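Participant: Mind looking over this structure? Questions follow.
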Amino acid sequence: MRYGIFSDVHSNLEALEAVLKAYEQEKVGQYYCAGDIVGYAADPRECVAKVSSLPGTAVAGNHDWAAAGLFPSEYFNSFARQAIAWTKSTLSESSGLGYLAALQLVCRNPDLVLAHGTLHGPQFFDYMLGFSEAAATFAALGQDNICFVGHTHVAGIIIRDESGGMRQETGGSCRIVKGKKYIVNVGSVGQPRDRDPRAAYCVYDSEASMVSIKRVAYDIRKAAGKIAENGLPAYLGERLLTGT
Ligand SMILES: [Fe+2]
């Protein structure tokens, strides 16, 4: 199976459309979203509609559950809190809140495991920042060998070899080798924070045992303009231009 795995769309429709167009060239059969479909940008309804109509599945991100009232907004900074309140007021039960509330924290299938932040404590929405969080998530993987996450908005792959040693790669392509274990952070579609403002997305070919993290340009000024027009904090548009 060729999987299109992406995360942290954050209501950025222009970025999501560019990624879905790029996936058309990839012969993807299933789409897996690692959470945070909404929050920050101006098109939550359209982004939920697009993601929920794809063949595949999605797990809950902290912004998704906060908008749905399942995660407290005091965990967020003021920009994020304002965007969550706006998102809540924009969506109805049938135009997104019901779908977001029903998202599960973890998805497992025979080819992969998917969570938003970490696998060892998905309900806390902690960040996969380094090897100590990775060690706990590798332990939670059990017999499975590959876990996909998002949440940090920075793509990268942590690899654990047979002896338990870990190393990190920043992106690109990686061959999945039997006996090793992998945590793949697919980065962010709608608000990258690695100083590359292009949308990030991942292709995982489980038969060819290959993971690739890719980037695609999109109309950032249009997305940023809509953020300002809707009364969301201007900073949330400005940061899109710099990828920070
Ligand atoms: Fe996020």
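Participant: Output the number of residues of the stretch 217-235 satisfying the condition of being crowded, with 17+ Cβ neighbours inside 10 Å and not in a helix (DSSP H, G or I).
Facilitator: Initial filter on the stretch 217-235 (crowded, with 17+ Cβ neighbours inside 10 Å): 218, 220, 223-224, 226-227, 232-233.
Among the residues that remain, those that are also not in a helix (DSSP H, G or I) are: 218, 232-233.
The number of residues fulfilling the criteria is 3.
Participant: With the checklist (1) without any contact (Cβ under 8 Å) to a residue 12 or more places away in the chain; (2) under 15 Å from the mean Cα position of the chain (by Cα) in hand, flag the one item Ser132 doesn't pass.
Facilitator: So the condition that Ser132 fails would be (2).
Participant: Determine, yes or no, whether Gly190 is closer than 15 Å to Val9 by Cα, assigned to a loop (DSSP other than H, G, I, E, B), in contact (Cβ under 8 Å) with a residue 40 or more places away in the chain and among the small types (Gly, Ala, Ser).
Facilitator: Working: closer than 15 Å to Val9 by Cα: yes; assigned to a loop (DSSP other than H, G, I, E, B): yes; in contact (Cβ under 8 Å) with a residue 40 or more places away in the chain: yes; among the small types (Gly, Ala, Ser): yes.
Spelling it out, Gly190 is indeed closer than 15 Å to Val9 by Cα, assigned to a loop (DSSP other than H, G, I, E, B), in contact (Cβ under 8 Å) with a residue 40 or more places away in the chain and among the small types (Gly, Ala, Ser).
Participant: Please go through the stretch 134-161 and give me each residue that is among the acidic types (Asp, Glu) and open to solvent by less than 50 Å² (accessible area, probe 1.4 Å), ordered by number. Quick ask: steps written out before the conclusion?
Facilitator: To start, the set of residues in the stretch 134-161 that are among the acidic types (Asp, Glu) comprises 144, 161.
Matches in the stretch 134-161: Asp144 only.
Participant: Looking only at the stretch 64-91, count how many residues are without any contact (Cβ under 8 Å) to a residue 24 or more places away in the chain, farther than 22 Å from Arg239 by Cβ and among the small types (Gly, Ala, Ser).
Facilitator: So the answer is 1.
Participant: List the number of the failed condition for Arg2; all other conditions in (1) within 13 Å of the ligand (Cβ to nearest atom); (2) within 26 Å of Arg108 (Cα to Cα) hold.
Facilitator: (1)
Participant: Still on this structure, please answer the following. Inside the stretch 102-118, can you point out the residues that are open to solvent by less than 40 Å² (accessible area, probe 1.4 Å) and free of Cβ contacts under 8 Å to residues at least 40 places away in the same chain?
Facilitator: From the stretch 102-118, those open to solvent by less than 40 Å² (accessible area, probe 1.4 Å) are 103, 105, 107, 109, 112-118; that's our starting set.
Those that are open to solvent by less than 40 Å² (accessible area, probe 1.4 Å) and free of Cβ contacts under 8 Å to residues at least 40 places away in the same chain: Asn109, Val113, Thr118.
Participant: For residues in the stretch 4-55 being open to solvent by 10 Å² or more (accessible area, probe 1.4 Å) and among the hydroxyl-bearing types (Ser, Thr, Tyr), which is farthest from the chain's Cα centre (by Cα)?
Facilitator: Ser53
Participant: Of the residues that sit in the stretch 92-101 and are within 28 Å of Tyr235 (Cα to Cα) and without any contact (Cβ under 8 Å) to a residue 40 or more places away in the chain, which one is surrounded by the most Cβ atoms within 10 Å (Cβ to Cβ)?
Facilitator: Looking at residues that are within 28 Å of Tyr235 (Cα to Cα) and without any contact (Cβ under 8 Å) to a residue 40 or more places away in the chain, I get Leu97.
A quick yes/no check of all residues on (1) aliphatic (A, V, I, L, M); (2) open to solvent by less than 30 Å² (accessible area, probe 1.4 Å); (3) under 19 Å from Tyr31 (Cα atoms):
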| site | (1), (2), (3) |
| --- | --- |
| Ser163 | no, no, no |
| Gln168 | no, no, no |
| Gly171 | no, yes, no |
| Lys178 | no, no, no |
| Asn185 | no, yes, yes |
| Arg193 | no, no, no |
| Pro197 | no, no, no |
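Participant: Now a separate question. Filter the stretch 142-155 down to the residues that are more than 16 Å from the ligand (Cβ to nearest atom) and under 19 Å from the mean Cα position of the chain (by Cα) and list them by number.
Facilitator: Within the stretch 142-155, the first condition is being more than 16 Å from the ligand (Cβ to nearest atom), and the residues that meet it are 142-147.
Residues satisfying the conditions are Ile146, Cys147.
The values are calculated or read from the model by the stated rules, or taken from the named source; none is laboratory data. Everything numeric in this text was worked out from a predicted model, so none of it was measured. Note that we place each Cβ from the backbone using ideal geometry, even for glycine, and neighbour counts take in every protein chain shown. Heavy atoms of the whole protein, side chains included, go into the accessibility calculation; ligands, DNA and RNA do not. Shrake-Rupley method; radii C 1.70, N 1.55, O 1.52, S 1.80 Å.
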